[in-house]
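A.B. asks: Take this structure first; my questions come after.
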Amino acid sequence: MGSIVTPYLTLAAILFCVGLYGALTKKNGVIVLLSIELMLNAVNLNLVAFSKLGDHPALTGQIFSLFNITIAAAEAAVGIAILITIYRNKGTSDVNEMDSMKR
Amino acid sequence: MLNGIGDFLSSGSSWMFFIFALLAIGGAIFMISFTKVIHMVISLALTFISLGGLYVILEAEFVAFVQVLIYAGAISILMIFGIMMTKHRQGEEEEPRRPWHEGLAIVGSLALFGVIFYAIQKTKFVATGAFDAGKDNTMEIGKLLYNEHVIPFEIMSVLLTVAFIGAIIIAKREED
Amino acid sequence: MVSDYSQYAWLIPLFPLLAFLALTAMGRQLKELGIYISIVAMLASFIVALLIFVERLGGHVEDYTWDKLSWLQVGDYTLRMGFEVNNLNALMLVIVTLVSLLVNIYSKGYMKGDERIHVFFSYIALFSFSMLGLVISENMLELYIFWELVGVCSFLLVGFWYFKPEAKAAAKKAFIVTRIGDVGLFIGILLLFWYMPGHALDFTSIHNAISSSKIDGTIVTWIAILIFIGAIGKSGQFPLHTWLPDAMEGPTPISALIHAATMVAAGVYLVARTFDIFHASPDALLVVAYVGGFTAIFAATIGIAQNDIKRILAYSTVSQLGYMMMALGIGVSYASGMFHLFTHAFFKALLFLGAGSVIHAVHTQDINEMGGLSRKMKITTWTFAIGTLALSGIFPFAGFWSKDLILSEAYDHNQLLFWVGVIAAFFTAFYMSRLFFLVFMGKPQHHGAHEPHESPASMTTPLIILAVLAVVAGFVNTPFNEWLSHWLTGQDHEESANWTVIILSTLAGLLGIGLGYLMYLKRSIPRDVVSSRAPWLYKLLNRKYYVDEIYDGGVVKPLRGLGYVLELFDVYIVDGIVRLVAFVIVGLGRLGARLQNGQLQTYGVVTLLGMLILALAIAGRRFIHAG
């Protein structure tokens with residue numbers, strides 16, 4: 001599919017929705033973070049596809065996706081650190097146990 | 001769209017796309033359907049790698065390289081470390097069934113996909129120019145990065161510094 | 001001539017009302033003084049009533065009406081309240097105030113020691129107020145108001161000893177059964193209101209409208225019958241008589257006051273007051289006469305098979321009220337009925353108070369457990385004897401003259417009712433003599449621990465006064481000088497003595513007494529001559545013709561069943577709907593609470609769904625407008 005962008009966008013949409021489902025449903029916090037990474041990957045795919053096959057082909061899309069990857073990595077690191085700390089304090093990494101927003 | 005499948009099957013890059021896409025989707029589906037956490041991470045790593053392949057098809061070699069390096073490499077290992085440090089016993093990996101919640105989440109995701117798919121189909125994409133990738137993708141990206149997008153680049157480095165310092169401090173065991 | 005005292009007639013109900021208020025507010029603190037307040041108030045009322053009455057004795061005093069109080073204004077119709085005094089009223093005023101005064105004095109001795117005695121006197125005062133207000137009412141609606149008040153007082157007094165379940169039941173029964181009659185009266189008043197020119201309800205307007213035939217004949221009949229239904233309830237005629245014997249659960253002084261002399265006479269008074277309506281409708285008069293006649297003989301036959309002293313007297317009251325209604329129904333005028341009411345008030349009150357004296361002495365009400373009381377209770381015996389003779393219609397006591405007037409009118413106009421009256425007179429004499437001989441003569445049957453002794457002066461004095469009245473009251477209207485009839489109705493009657501009637505009625509009375517003497521004193525005829533040969537007859541009479549049982553099975557039980565069904569309906573359907581609403585609301589609340597569980601993923605799903613709905617709504621609008 002070298003000339004149209006639609007398959008890439010569809011694929012990205014599928015990956016995004018799968019990642020969304022995982023983020024909303026999984027019990028383990030690590031898996032939730034992982035699903036968020038998947039969603040970010042879908043976005044990256046979109047960006048790179050548009051950079052080649054979109055309305056104004058340019059390299060800007062790839063630059064953007066690089067930045068996105070950086071952010072995602074930083075966020076994953078901080079997320080894992082927080083998860084480890086929570087695990088140390090609560091004894092569990094089950095997201096359903098983190099309900100202090102109830103009150 | 002059915003006409004497109006005929007064109008689709010005719011070129012080699014379409015086959016590659018198809019294979020990589022299948023691998024990516026398969027990895028994602030397996031990720032959410034496996035029960036053991038380690039398996040989930042491995043299947044997602046497969047997704048990351050196949051995405052890298054897709055980037056190559058899209059003539060974004062540098063991005064593909066970075067993708068495999070960072071995602072399939074660093075982040076997957078990071079996740080495995082996270083799992084190792086937070087896991088209790090084997091039995092904890094059982095998920096309690098929450099049918100209402102899962103049902104609604106499936107409905108929501110499918111609906112979202114439907115909306116996005118509809119939007120994608122309805123949009124008319126008109127290419128205004130050919131993509132000039134240049135001979136060396138990395139060089140081109142480097143040129144752009146340090147000439148036009150240097151400020152975001154610097155901010156990125158600050159962000160990374162802050163992030164890793166922050167992560168260390170958060171995760172540090174408190175001295176009693 | 002214009003009356004001087006009639007304008008003060010409003011004071012007569014006022015004094016007992018003030019006594020009622022004083023006793024209700026401060027009765028417990030006042031104790032003895034409270035009783036005297038009630039007696040003095042009644043005495044004051046009696047004096048004013050006597051003044052009004054004596055002034056009117058001359059015979060040429062105008063009726064006095066005062067209706068200046070406009071109580072309710074609806075559109076262009078004004079409801080007025082006031083009072084009216086004429087000869088009929090004046091007579092009733094004297095009767096009511098005198099009997100009430102005597103009962104007040106009597107109660108001081110009879111109710112001595114009861115800890116709620118001040119409540120008792122306050123209720124009597126309230127009753128006196130209501131009855132007197134009823135007597136001087138100026139229009140039908142005001143009369144109805146006091147009619148209801150009198151019913152309430154009867155309820156309060158019958159159920160005075162509320163800790164006795166029989167008293168509670170009897171009070172409820174009295175109120176409910178009279179209420180059935182009151183509905184008829186109220187519908188009659190409504191019809192009157194509808195058809196009277198100018199919607200006027202006062203008695204003068206009624207008199208004028210009826211005499212000038214302004215209202216259609218069938219309507220007049222209906223109004224009369226409906227008013228009579230109210231009288232049936234209040235005066236205990238068949239079929240609404242069942243409450244009166246049960247009302248004997250109340251203290252004896254009020255059996256005397258309310259259920260002998262005054263309240264039950266209110267029905268007779270009502271018919272007399274509205275006699276113009278009845279007189280204009282011969283059919284209604286027939287109904288009144290036959291109901292009265294039937295009741296007279298019906299109650300008399302029940303009375304001969306009862307064993308409770310008060311119940312015998314109660315059935316006697318029902319029977320005598322039947323006589324009064326029969327007299328009114330015969331239609332010559334209301335004089336005969338009112339005359340009998342006048343004499344009956346005295347001797348029946350006397351008999352009840354005497355019975356109270358007996359009960360006070362022997363602490364039982366079953367006549368088979370009494371006997372030989374004449375030795376120890378001389379005054380009671382003599383006064384009771386006078387009352388018995390008066391009731392049996394023996395010359396020259398009061399009952400003779402009034403019964404004679406009724407029977408001679410019946411003889412002239414309706415032979416069937418005449419014979420009914422004579423037979424009922426025989427039964428009356430029989431059961432009264434049975435009562436007298438079993439209670440006062442013969443060998444003492446009571447096994448009480450203490451000897452009976454005569455009652456205190458507060459109880460015997462009213463007895464003596466009433467006995468005197470029972471002797472002389474009849475002389476105001478003899479066949480040789482019909483002064484009362486003339487004075488009440490202003491009509492002239494032919495003054496002739498019907499000797500057939502006189503002889504027959506006296507014969508019936510003497511036969512009755514003779515039979516009672518033979519059966520219960522000399523014992524030459526055995527007591528169970530009828531009850532052993534025809535036990536079913538005795539049982540039928542003793543069980544009051546099973547009227548109560550018929551009512552219970554035919555009316556009470558179905559109503560209870562209906563009430564039960566409605567209760568089920570209420571609990572499951574009406575209540576069910578309410579509980580369903582509450583359940584739904586609470587359910588919705590719980591559902592909402594489940595969303596707020598503090599879990600991020602829940603919030604995420606809700607956000608996703610909300611965003612989708614929003615997107616679809618906004619995008620969808622394009623289609624609706626475009627399509």
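A.B. asks: For the stretch A:38-62, name all the residues that are of a type outside the set (Gly, Ala, Ser) and closer than 11 Å to B:Tyr55 by Cα.
C.D. replies: Residues satisfying the conditions are A:Asn44, A:Leu45, A:Asn46, A:Leu47, A:Val48, A:Lys52, A:Gln62.
A.B. asks: Hey, could you check the stretch C:592-607 for residues that are within 22 Å of A:Ser35 (Cβ to Cβ) and within 7 Å of chain A (Cβ to nearest Cβ) and say which is nearest to the chain's Cα centre (by Cα)?
C.D. replies: Top of the filtered list is C:Asn597.
A.B. asks: Quick one: C:Met377 ticks every box in (1) of a type outside the set (Ser, Thr, Tyr); (2) surrounded by fewer than 20 Cβ atoms within 10 Å (Cβ to Cβ); (3) more than 28 Å from the chain's Cα centre (by Cα) bar one, so which box is it?
C.D. replies: Answer for C:Met377: the failing condition is (2).
A.B. asks: For the stretch B:25-73, what are the residues that are of a type in the set (Asp, Glu) and more than 7 Å from chain A (Cβ to nearest Cβ)?
C.D. replies: Hit for the stretch B:25-73 is B:Glu61, nothing else.
A.B. asks: What tally of residues in the stretch B:136-171 results from selecting those that are acidic (Asp, Glu) and at the interface with chain A (Cβ under 7 Å from one of its Cβ atoms)?
C.D. replies: Adding up the residues that qualify gives 1.
A.B. asks: If we scan the stretch B:123-130, do we find a residue that is at pLDDT 80 or above, under 23 Å from A:Gly61 (Cβ atoms) and more than 7 Å from chain A (Cβ to nearest Cβ)?
C.D. replies: yes
A.B. asks: Could you look through the stretch C:328-338, keep only residues that are more than 15 Å from C:Asn89 (Cβ to Cβ) and over 18 Å from the mean Cα position of the chain (by Cα), and pick out the one that is most open to solvent (accessible area, probe 1.4 Å)?
C.D. replies: C:Val332
A.B. asks: Looking at A:Leu24, A:Leu11, A:Leu20, which one is more than 14 Å from chain C (Cβ to nearest Cβ), surrounded by 22 or more Cβ atoms within 10 Å (Cβ to Cβ) and under 16 Å from the mean Cα position of the chain (by Cα)?
C.D. replies: Criteria check complete, one pass: A:Leu11.
A.B. asks: Is it the case that some residue within the stretch A:67-81 is part of a helix (DSSP H, G or I), within 14 Å of chain C (Cβ to nearest Cβ) and either open to solvent by 30 Å² or more (accessible area, probe 1.4 Å) or within 20 Å of C:Gln599 (Cα to Cα) (or both)?
C.D. replies: Yes: the stretch A:67-81 contains one or more residues that are part of a helix (DSSP H, G or I), within 14 Å of chain C (Cβ to nearest Cβ) and either open to solvent by 30 Å² or more (accessible area, probe 1.4 Å) or within 20 Å of C:Gln599 (Cα to Cα) (or both).
A.B. asks: Does the stretch A:31-48 contain at least one residue that is open to solvent by 10 Å² or more (accessible area, probe 1.4 Å), farther than 19 Å from B:Ala45 by Cβ and within 7 Å of another protein chain (Cβ to nearest Cβ)?
C.D. replies: No: the stretch A:31-48 contains no residue that is open to solvent by 10 Å² or more (accessible area, probe 1.4 Å), farther than 19 Å from B:Ala45 by Cβ and within 7 Å of another protein chain (Cβ to nearest Cβ).
The values are calculated or read from the model by the stated rules, or taken from the named source; none is laboratory data. Small disclaimer: the values here were computed from a predicted structure and weren't measured. All Cβ positions, glycine included, derive from the backbone under ideal geometry; neighbour counts span all protein chains shown. With ligands, DNA and RNA removed, areas are computed over all heavy atoms of the protein, side chains included. Shrake-Rupley method; radii C 1.70, N 1.55, O 1.52, S 1.80 Å.
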